[in-house]
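Take a look at the structure below.
The values are calculated or read from the model by the stated rules, or taken from the named source; none is laboratory data. A quick note: this is a predicted structure, and the numbers were derived from the prediction, not measured. Counting neighbours? That spans all protein chains shown, and the Cβs are built from the backbone with ideal geometry, glycine included. Heavy atoms of the whole protein, side chains included, go into the accessibility calculation; ligands, DNA and RNA do not. Shrake-Rupley method; radii C 1.70, N 1.55, O 1.52, S 1.80 Å.
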Amino acid sequence: MPRIAIAGFAHETNTFSPTPTDFADFLLSTTTRSGLRGAEILENPDFAMPIGGFAAAAREAGDELVPVCWYAAEPAGIVTANAFERIASEIVHGVATAGRLDGVYLDLHGAMGAAGHDDGEAEILRRVRAVVGPDMPLVASLDLHANVGDGMVREASALVAYRTYPHVDMRETGARAHAMLRWCIDHGRRPAVAVRRLDFIMPPHRQSTMTEPARSIYAQLDAIEAGTPGLASLSFNMGFHLADIPMNGPSILAYGVDAASAGAAADALASLAASHEKAFGIGLLPPAEAVRLALQQPAGKPVILADVQDNAGGGATSDTTGVLQARVDARVDDAVLAILHDPEAARAAHAAGEGATSEIARGGKLVPGHVPVRGRFVVEKLAQGPFAFTGPMLRGNIGDLGKVACLRIDGVRVVVSEGRTQCLDQAYFRHAGIDPAAHRIVVVKSTNHYRADFAAMAERIIEVEAPGLSSMNTGQLPFTRLREGIRLFGGGPAFRGRG
């Protein structure tokens, strides 16, 4: 029976964000429990994260698991040295003291930047590799948005990434990582690896695997993997664009019994993805125009306005008010928005009570140059404490945003919260007493994850270019350290060193 140590440390780091990510941020539970230690990792058999899928596959295979710890935090700025050293040291110590091991699995993200480490995952893998030795099977799962550097590839026996965005295959990815770890154990060696890097950055609002061209690219990925003899695993990482680091950009990882099988698969997928480059452009509507277009749609199903650049899932504050102000200015008579991160407003609403009218300004407080929306808001609904997710991404998980309130100004309702997260599940609205399907315009602060739970209910989806720290316009970001010559978006200008 193989004996496998498992641990996780996940963060998607926006290097342009002024808000560092400290250890306390890894103990919050806005979307799922974090700071799990030992057997706590295995308590929820439906844990929606990759480590939950890995554990389920390992139990079915009869493996013995040695759970160490699992940490994750909402995307934001650089992970502090305090947070990185505490969690990385806990993982390394747990693996080093686990006794006899046949393999190690790590649930990582792939786009973590930490103080002193551009490639946080490479450093974690390096430290674990140092204690287990060069021959121990060491496999990690990665987010589809991983920026994969040479260090990660060198230290890991294999890296396995998500294949969906919205990420509805996190558990399946964990199971595929388990299969790769067992491959390494059974073969007594690492597989051959082939790495290919694309020459352009993919803005994430164009990356959804529910829309073209990513939908067809990933469908072909499955076909290439199934049809290539000797191929064990194939991953396409579309990259996380908000990282001013040399390894920023899409990458392809192929693992097989030999270099020929891995190389053939990697070349085929790289060629396919490159052929769709021009589809990965920008193309967003300003808020006022988006609201006008939404009001022109047939009555019936809601129109979704996606505030893609104020996405907490990309490290944004989730408190900018561009779309909210446009709806107020247009006197929209039936619209809802989630989630506006405004702890002050949420606490004030709870102090005032349901039915009260409040004059406090909403949002626009965390990013210099932004202004709140002012007016008389009615406190329609208050909520607090844990709630269950119901959508495809996080079903089986429990969220907690602290104090939450539904505030109404004329025909516009806003869900404000103490906690910061992106709106990727209808449960965020329902927790505040709102059924999103019953409203004409639904605004979600999210880039693509919302599609998993909202697309089926929508008459139309409109992506909005409102200000926020998760900018989709990669051509305007102040990069200084990218790989020389990489194009800033599909068909866009090439990066030339600015430092």
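Of note:
- If R0 is 30 Å, the Cβ-Cβ spacing of Val257 and Ser29 corresponds to a FRET efficiency of close to 0.10.
- Amide H contacts under 5 Å for Arg487: Phe200, Ile201, Phe495, restricted to partners 5 or more places along the chain or on a different chain, H placed in the peptide plane at 1.01 Å from N.
- Annotation: per residue accessible area for the chain equals 34 Å², rounded to a whole number [probe 1.4 Å, protein chains only].
- Candidate values (i) 50; (ii) 58; (iii) 37, label of the one derived for percent of Cα pairs over 33 Å apart: (iii)
- Axis of helix 50-61 versus longest Cα principal axis of the chain: the two differ by about 40°, to the nearest ten degrees.
- Our helix-only sum for the chain, with -39,500 (n - 2.57) per DSSP H run of n ≥ 4 divided by its residues, gives a mean residue ellipticity at 222 nm of -8000 deg cm²/dmol.
- Rolling a 1.4 Å probe over the protein chains gives Met1 an accessible area of about 150 Å².
- D (Stokes-Einstein, µm²/s), Kirkwood Cα radius, region 157-233, 0.692 mPa s at 37 °C: 232 µm²/s
- The chain, dipole about Cα centre (Lys/Arg Cβ +1, Asp/Glu Cβ -1), debye to the nearest 20: 500 debye
- Ranked order, Glu212, Glu43 - accessible area, probe 1.4 Å, largest first: Glu43, Glu212
- At 1.306 mPa s and 10 °C, Stokes diffusion of region 417-456 via Kirkwood alpha-carbon radius, µm² per second: 149 µm²/s
- Degrees, to the nearest 10: 170-187 long Cα axis against longest axis of the chain: 10 degrees
- The residues Arg374, Arg197, Arg182, Arg126, sorted by heavy-atom accessible surface at 1.4 Å with ligands and nucleic acids left out, run Arg374, Arg126, Arg197, Arg182 from largest to smallest.
- Under 29 Å from the Cα of Lys301 - lysines, other chains or at least 8 residues apart: Lys381, Lys445
- Dimensionless Rg/Rh of region 411-499 - Kirkwood Rh, Rg from C-alpha atoms: 1.11
- Surface listing: Lys365, Lys403 arranged by accessible area from highest to lowest gives Lys365, Lys403, probe 1.4 Å.
- Rounded to 10°, Cα long-axis angle of helix 259-274 versus longest principal axis of the chain: 20 degrees
- Fraction of accessible area attributable to carbon and sulfur, the chain (%, probe 1.4 Å): 52 percent
- Antiparallel bridges, percent of DSSP beta bridges restricted to the chain (to nearest 5): 45 percent
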